[in-house]
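The values are calculated or read from the model by the stated rules, or taken from the named source; none is laboratory data. Because the structure is predicted, anything quoted here is derived from the model rather than measured. Don't worry about glycine lacking a Cβ; one is built from the backbone with ideal geometry, like all the others, and counts go over all protein chains shown.
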Amino acid sequence: MNILIKSARIIDSQSNFDQKIQDILIEKGKIVRIAKTIKNPKKYQEISSKNLHISVGWFDTSVSLGEPGYEERETLENGLKTAAKSGFTAVALNPNTYPLIDNKSAVEFLINKAKDKVVSLYPIANLTQQAKGKELAELYDMSNSGAIAFGDYNIPVNNANLMKIALLYAQNFNGLVVSFPQDNTLSNQSSANEGVQSTKLGLKGNPALAEELQIARDLFLLEYTGGKLHIPTITTAKSAQLIADAKKKGLDITCSVSAHHLFLTDKELKDFNTNSKVTPPLRTKNDINALRKAVVKGTIDMITSDHTPIDVEHKKVEFEKALDGTIGLESLFGAVNTLLPLKNIIDSITNKPRKRFNIENPIISVGEIANITLFNPEIEFEFNKKHISSTSTNSAFLGKGLKGKVLGVFANNKLKIN
């Protein structure tokens, strides 16, 4: 496909054109010229817009889509369309499907089902068989079939010896182990932060200690075994400090934070709003301030939507009976763009996650395959149901003021304009 992008500010810390306003000519899916002004004698489709910005296509490292098994929540087809409309050209799919992604056939099914889309899908496979935390799954075989990492989604590995073995074994094929940060003996099976708010509401509390103790354990194991470890969706100030200290020691550790844990506090639960019932739970103002600083400092490597569609039958019920999760693809950029410098946001959803998950990292440069997101970072709006493309509408951001509009994506030689 051939297109000409006019007068776009390039946001790409890896590119020589970073922060420059340029025209970009793409022929047959490849960037062939970048210049201040490019003429269009062949009358290619032109893309222009007020305050147009482009970056490398965004990559979300924690997305749940339902299919297979929970198609009423979200199908792969609609989920990938939602990702494209939200600015993402790649997503990592969580292994919380039915059946689970704990064998190479399940990995191959997902990759084949998502072929030839504008958005590339990369499966994260289960670390343990049936996500039961008893025995390791077929990690090497699944890696050969296309799995990019291994972890049981939102399920901690309670057995420290099994985590030790996983970290040792995965080194044989440069595998990345993902460990959900929660000690279940302390979490009270609760999705409310233990504190003033949970006490006022009469809800069981999930203390910050449950997360921090598990992270401390995993970091001790990583120091002992070596290997590569990723901790998803951290939520507390102490968690960020533990990881910062581990990085200073030279441990091969990365972590992510969800957009809702940067934007929302546990005060969202005041009306028993089940859309704000998430795992890990929303924390305090002190925590989100510390997490924002950790993104800017580079302690937190990635921002994710942690997109989790839940059908209305499992959300519009009593708070303690509702399933955990919020959709977040549609709101991620608008939320974090109100909080953080644009450079930090783009790095955390482009080059940093791709490098960590060992995925080819595109650059906005002549000769490179075009993989880009187009957006205007200045448009302000109130997020409501008309902004939702997901089948499920369980968004914790409904009614919130956001900033930044996605205009389209170009990837896999396909253009999607909103």
Exercise. Read through the list (1) surrounded by 15 or more Cβ atoms within 10 Å (Cβ to Cβ); (2) out of contact with any Phe, Trp or Tyr (no Cβ under 7 Å at 6 or more places or on another chain); (3) closer than 18 Å to Gly79 by Cβ, then give the number of the only condition that Lys385 fails.
Key: (1)
Quiz item: Residues in the range 358-371: is at least one surrounded by fewer than 23 Cβ atoms within 10 Å (Cβ to Cβ), out of contact with any strand residue (DSSP E or B) (no Cβ under 6 Å at 6 or more places or on another chain), under 23 Å from Val257 (Cβ atoms) and at pLDDT below 95?
Solution: yes
Self-check item: the range 61-94: number of residues that are closer than 15 Å to Ala114 by Cβ and either of a type outside the set (Val, Ile, Thr) or surrounded by fewer than 24 Cβ atoms within 10 Å (Cβ to Cβ) (or both)
Solution: 21
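Here's the yes/no breakdown for (1) buried (at least 21 other Cβ atoms within 10 Å of the Cβ); (2) touching a strand residue (DSSP E or B) at 6+ places or on another chain (Cβ under 6 Å); (3) not polar (S, T, N, Q):
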site	(1), (2), (3)
Glu138	no, no, yes
Ser143	yes, no, no
Ile155	no, no, yes
Asn184	no, no, no
Gly195	no, no, yes
Leu213	no, no, yes
Quiz item: Quick check: is even one residue across the range 269-278 of a type in the set (Asp, Glu) and touching a residue at least 40 places away in the same chain (Cβ under 8 Å)?
Solution: no
Exercise. Give Leu76, Leu4, Leu100 a once-over and let me know the one that is more than 23 Å from the chain's Cα centre (by Cα) and either touching a residue at least 12 places away in the same chain (Cβ under 8 Å) or over 23 Å from Asp347 (Cα atoms) (or both).
Key: Leu4
Quiz item: Only one of Leu209, Leu221, Leu229, Leu168 is surrounded by fewer than 18 Cβ atoms within 10 Å (Cβ to Cβ), at pLDDT 95 or above and closer than 16 Å to Thr128 by Cβ; which?
Solution: Leu168
Self-check item: Counted residues, the range 388-401 - those being surrounded by 15 or more Cβ atoms within 10 Å (Cβ to Cβ) and more than 19 Å from Val63 (Cβ to Cβ)
Solution: 2
